[in-house]
């Protein structure tokens with residue numbers, strides 16, 4: 001993929017791992033989300049400083065039989081979707097400051 | 001409860017995870033509500049650092065939904081320090097408060113921490129009634145002002161009313177007030193005994209005729225026909241059901257670190273000052289005893305017409321003397337709802353039915369005083 005994305009969890013959510021799934025409660029409207037096992041791995045690795053493609057390569061492709069490009073495309077689609085709900089922040093640069101590609105303002 | 005929430009609760013049950021917990025930060029209070037089940041002295045509350053350690057343990061154990069209650073939580077000078085710590089651990093937090101100490105600044109601070117909801121106790125729309133219940137003059141006005149401050153911050157507020165003899169006619173107006181304020185409304189029809197076992201405050205409970213009226217208020221219950229319908233016959237697996245979530249996916253921790261299955265089920269099961277929370281949750285004999293109970297193990301209930309739809313609280317039963325026994329307050333609610341007396345209600349009055357299933361005989365129903 002062309003972009004180098006960085007992702008981090010929104011501090012506004014409540015979240016807890018339940019088995020291999022992640023339960024996430026939106027701080028905006030109390031909507032409850034659950035992430036499946038693979039999405040949970042990405043969520044947990046979303047520290048704002050590790051590029052998404054590195055997360056996919058190290059955490060997904062090593063555990064699941066999936067092509068890296070395919071996995072990265074799916075991961076980008078996932079994080080874009082979660083960012084749309086305001087529960088994940090994404091940026092083209094490490095998320096140590098406010099340079100967000102998509103601001104959390106649902 | 002949403003289908004997703006039900007699914008997650010079932011998963012938590014299967015995994016033995018305490019999905020929700022109530023932590024009372026203090027029993028001290030700036031009100032003296034006539035129906036309160038607590039004493040208001042400080043017998044040695046956990047310090048902020050003890051609470052933070054506990055919060056770490058609760059997060060590790062899997063608690064997502066955390067209710068911070070009391071007493072009045074804002075009486076703790078370190079309340080916001082604790083709240084900030086809890087939010088940093090990603091709990092979904094509900095606050096229960098009388099809100100007297102919440103002004104603009106506190107409301108803004110709460111908003112900044114993304115608290116899920118704030119439940120505020122309002123017992124009447126009339127200050128002379130509310131203030132007489134709280135024994136604090138001006139408390140209604142203070143609490144309503146606080147709700148306005150909280151709503152101005154865009155927060156979710158729940159107005160919680162408790163039905164008692166002092167305010168039986170007021171709940172529709174409290175509900176209307178909640179709507180006007182943009183808050184949700186909840187009504188609890190049950191006064192619970194004091195945690196030390198003292199049952200004297202139960203005489204504040206609204207009578208059964210009031211309960212009958214409340215249970216037929218469409219605005220509260222939705223379809224009255226459905227809500228008050230005779231209970232469906234028990235299905236084969238009903239008797240294998242769990243009485244409630246207490247001790248299964250929920251628990252309560254007192255300001256002194258005592259762990260109970262629920263705030264309404266004060267069965268001492270361990271203390272987090274002496275043991276790790278996970279050890280208490282997983283291994284305490286008391287918790288495991290609670291977990292072993294199925295509806296078929298209860299006294300009277302397996303043969304009761306209400307078994308499939310009963311709201312029996314095991315904690316109230318425990319406080320009546322037997323966690324496997326009846327909760328007569330819930331039997332009375334089932335009767336007020338359907339007009340059909342429960343097996344245990346009949347047993348108490350000496351009219352034990354010969355038939356296992358009693359189907360709504362007006363004669364039987366009329367034997368119970370309204």
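Just so it is clear, none of the values below were taken in a lab; they were calculated from the coordinates. Just so it is clear, the structure is predicted and the values come from calculations on it, not from any experiment. Positions of Cβ are backbone-derived with ideal geometry, glycine not excepted, and every protein chain shown enters the neighbour counts.
Couple of notes before you dig in:
- Contact order relative to length of chain B, as percent, for alpha carbon pairs under 8 angstrom and 6 or more apart: 15
- Here the extension length gained between residue B:209 and residue B:60 equals 49.0 nm, from 0.36 nm per residue of separation less the Cα-Cα distance.
- Compared with the dominant Cα axis of chain B, that is its longest principal axis, helix B:328-338 is turned about 70°.
- For the range B:278-348, the relative contact order comes to 26 percent (Cα pairs under 8 Å, sequence separation of at least 6).
- R0 of 25 Å, Cβ-Cβ distance residue B:3-residue A:36: FRET efficiency to nearest 0.05: 0.90
- Entry note, the protein assembly as shown: the mean residue ellipticity at 222 nm calculated from DSSP H runs of n ≥ 4, each adding -39500 (n - 2.57), is -10000 deg cm²/dmol after division by the residues and rounding to the nearest 500.
- As a proxy for reagent exposure, A:66, B:272 were ordered by neighbouring Cβ count within 10 angstrom, fewest first; the result is A:66, B:272.
- The length gained by stretching the chain between residue B:227 and residue B:169 to full extension, at 0.36 nm per residue less their Cα-Cα distance, is 18.8 nm.
- With Cα atoms, 0 to 90° folded angle of helix B:171-181 axis to chain B main axis: 40
- The label point for residue B:309 and the one for residue B:275, both projected 7 Å from the Cα toward the Cβ, are 4.0 nm apart.
- Helix B:79-88 and the longest principal axis of the C-alpha atoms of chain B enclose an angle of approximately 80°.
- Residue by residue along B:69-75, Cβ atoms of other protein chains within 10 Å of the local Cβ number 0 on average.
- The range B:1-38 and the range B:201-252 have Cα centres lying 18 Å from one another.
- Residues residue A:45 and residue A:70, FRET efficiency given R0 of 22 Å [Cβ-Cβ distance, rounded to 0.05]: 0.75
- Take every Cα pair under 8 Å whose residues are at least 6 apart in sequence, average their separation, divide by the length of chain A, and the relative contact order is 33 percent.
- Where Rh is the Kirkwood radius over Cα pairs, Rg/Rh for chain B: 0.96
- Estimated FRET transfer efficiency when R0 is 30 angstrom, pair residue B:236-residue B:101 (beta carbons, to 0.05): 0.05
- Annotation: Cα Rg of chain A relative to the compact-globule expectation 2.2 N^0.38 Å equals 1.00.
- Remark: mean inter-chain Cβ contacts per residue of B:10-17 equal 2, using a 10 Å Cβ-Cβ cutoff to other protein chain atoms.
- B:327, B:90 arranged by Cβ crowding within 10 Å, fewest neighbours leading: B:90, B:327
- Potential lengthening of the chain between residue B:296 and residue B:200 amounts to 31.5 nm, from the contour at 0.36 nm per residue minus the alpha-carbon distance.
- Counting every other Cβ atom within 10 Å of each residue's Cβ, B:179, B:157 order from fewest to most as B:179, B:157.
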